[in-house]
Amino acid sequence: MGMVVLLATLVGCSTSETNNNCTGSSQCGDGNGRNEEAKPTASLELEKVTAELKDGIPIERKNALDDSTSEKGSGRGVHIDVTAKNLGKAPAFISKATMTFRKSGYPEPCYGIGGQLLTTATYGFIIPDSQPAEAATDGRPRLHKVPFSLSKELTHEIPPNKYEKFTLTVGPETIVEGGNPWFGVLDITLEHDGGQKLKIGPIAVVDSGGNPAFFPDWRKGKAPWYIEEEQVAGCTKRNAEMVSEVMRTPKLVPSKEFSSLDAALAKYL
């Protein structure tokens with residue numbers, strides 16, 4: 001993707017503040033004989049963004065029929081790693097991150113699989129179970145109504161002329177046993193230094209889901225997709241078309257698993 005650059009510039013002064021006949025901050029001082037442009041500024045630039053499934057997401061598994069029985073542990077989830085550099089002479093303070101979703105939801109269910117286990121995951125950005133969804137032709141909601149945004153306050157400082165990498169995690173509130181993986185196409189906006197914004201994306205991600213017939217398989221040390229023969233005629237082809245359409249999004253950064261899902265579904269097109 002192309003390099004994104006955003007400068008956190010200082011506000012220019014007025015003639016009355018300097019008592020000079022100046023026309024802008026490049027000519028007028030700050031009232032103390034100094035140029036505004038001589039003050040240190042922060043210059044935040046996106047260096048790299050990647051996304052993949054990694055361990056470390058706190059989870060709690062419950063039986064849908066017995067809430068008193070639960071098991072806590074750690075699971076895999078979507079991690080988005082952002083590397084940014086501050087090219088300026090002053091620290092850059094990142095105060096807020098917002099994810100805006102272009103697409104969000106679940107591939108069409110192609111298998112009659114279900115169960116009683118529910119897994120609740122704790123992400124930095126959680127897609128709530130109550131997020132409004134669009135009704136599919138058969139009445140089952142699969143895709144969320146978009147666009148929608150999720151925001152989180154941050155406290156992150158990047159020193160002058162330094163690189164910093166930080167991670168944002170995102171995923172659905174609940175994973176249902178037998179349910180398909182969640183996927184999303186999103187943009188990230190980082191607010192810093194008085195409301196300046198650095199925009200990142202679009203990024204396509206997908207999680208593991210809870211479907212034993214359709215999931216990223218790490219048993220061989222990699223993440224190819226295990227996809228069983230469909231029980232609903234034409235279902236896998238429709239999912240392949242949806243994923244292929246996402247992959248054609250201009251300047252898209254797909255996660256490793258989303259790219260491998262596209263490759264695995266290509267034979268159904």
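Read-outs throughout are calculated quantities, based only on the coordinates presented, and are distinct from any laboratory measurement. Computed from a predicted structure; not experimentally measured. Neighbour counts run over all protein chains shown; Cβ positions are idealised from the backbone, glycine included.
Dipole of region 40-268 computed with +1 at Lys/Arg Cβ and -1 at Asp/Glu Cβ about the Cα centre; of 163, 181, 227, farthest Cα towards the positive end is 163.
Once the Kirkwood radius over Cα pairs is known for region 120-249, the Stokes-Einstein relation at 25 °C and 0.890 mPa s delivers a diffusion coefficient of 140 µm²/s. Shown here are the Rg and Dmax of the Cα trace of region 68-122, at 19.4, 59 Å. Taking 1.567 mPa s as the viscosity and 4 °C as the temperature, the Stokes-Einstein diffusion coefficient of region 64-187 based on its alpha-carbon Kirkwood radius rounds to 76 µm²/s. In the calculated pair-distance distribution of region 40-268, the portion above 24 angstrom amounts to 47 percent of the Cα-Cα pairs. Under 25 Å of direct C-alpha separation, and excluding same-chain neighbours fewer than eight residues apart, residue 89 reaches these lysines: 39, 48, 162, 165, 197, 199.
The string of couplings for region 53-61 from the Karplus curve (6.51, -1.76, 1.60, θ = phi - 60°) is 7, 9, 6, x, 8, x, 9, 9, 9 Hz, one whole number per residue in order, with x for Gly and Pro.
As a rough guide to protection, the peptides 236-246, 176-186, 160-170, 89-99 ranked by mean Cβ packing within 10 Å, highest first, stand as 176-186, 89-99, 236-246, 160-170. Relative contact order of region 40-268, taken over Cα pairs closer than 8 Å and 6 or more residues apart, is 24 percent. A cut-off of 5 Å between modelled amide H atoms, ignoring neighbours fewer than 5 places along the same chain, links residue 47 with 83, 84, 85. The Cα atoms of region 178-262 cover 53, 27, 20 Å along the three principal axes, with the biggest extent listed first. What separates the Cα centres of region 213-269 and region 128-199 is a distance of 21 Å.
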